[in-house]
1. Within the range 92-104, does at least one residue satisfy the condition of being modelled with pLDDT of 80 or more, among the hydroxyl-bearing types (Ser, Thr, Tyr) and either assigned by TED's automatic domain parsing to the domain that holds Gly231 or not in a helix (DSSP H, G or I) (or both)?
2. Pull up the range 112-126, narrow it to residues that are buried (at least 17 other Cβ atoms within 10 Å of the Cβ) and among the hydrophobic types (A, V, I, L, M, F, W, C), then point me to the one that is modelled with the highest pLDDT.
3. Being in contact (Cβ under 8 Å) with a residue 40 or more places away in the chain, under 30 Å from Trp89 (Cα atoms) and in a loop (DSSP other than H, G, I, E, B) is the filter here; which residues of the range 16-71 pass it?
Amino acid sequence: MENSPAAFDLSQAIEQWRDQLCQSPAFHRENLDELESHLRDSAANLIQRGLAPEEAYLIAVRRIGSGDALRTEFGKLNAQGIWLNRLLWMLVGVQLFGWVGSVVHALTTGVTVLGLYPLWSSARSQPAPALPLCAGALYGVLHLLLWLAALAAGWKLLNRSSHGWSARLQTRLHRARGFTIIAVACVVLVLFQSALGIGSNFLSTWFLFNYAPGQTGRFLVGYQYGSLSVGLLESVLLFTLTLWLARRQWLTKTAVG
């Protein structure tokens, strides 16, 4: 026995239509309220004339205009809001990238020092010739792996929850409770970053002065070489990723145009 098709829910369809528009910063809340009011009035008028709810909804949406046309029209009216939105996310991106970079650096420093413990022990009784090379290689590999893992995790998170996540976050920012939660979360992240940095620096300093006081300079040379090498590689990878995303966006706009 075949299942009967589910009845069309006009209110749910309108909510989904609004959610799709809400993802764009071109619309303010009052714009969406006005468009939704027009859509509901138009659909109700068509239903009174004898049309089915689904057919009335499709015709009403067509009369209001496509999403691209509405975004273009309201984007001109709300140009300042769009640029403020872009500026907000650029600032969020810069700070988030800095936070991730600081955490990766702190973790790498701590793990590098602990991972070189056998060399520290041997360096107390005799010099360890491989100390600079091991410090640089271990720091570089660990830093690059953690950095790539953080980048992959962020990419996966965006792809998994990209549908409306920006709009939902902005909606929460407009509410007192949501804004408070986000502000507290940011403070906790900053405190965690600071604690992690202080802990890793204390750990490395303690190991250097207690286990290999005569090897400090040699360790720092290798450490700096590893840091510079991985920094250069990360810059090349970020530049390549930026070019790829820019080309993808350009091709998409060209195909639409």
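1. Yes, some residue in the range 92-104 is modelled with pLDDT of 80 or more, among the hydroxyl-bearing types (Ser, Thr, Tyr) and either assigned by TED's automatic domain parsing to the domain that holds Gly231 or not in a helix (DSSP H, G or I) (or both).
2. Among residues in the range 112-126 that are buried (at least 17 other Cβ atoms within 10 Å of the Cβ) and among the hydrophobic types (A, V, I, L, M, F, W, C), the one modelled with the highest pLDDT is Val113.
3. Gln23, Ser24, Pro25, Ala26, Phe27, His28
The values are calculated or read from the model by the stated rules, or taken from the named source; none is laboratory data. Just so we're clear, the structure is a prediction, and the values are computed from it rather than from any experiment. All Cβ positions, glycine included, derive from the backbone under ideal geometry; neighbour counts span all protein chains shown.
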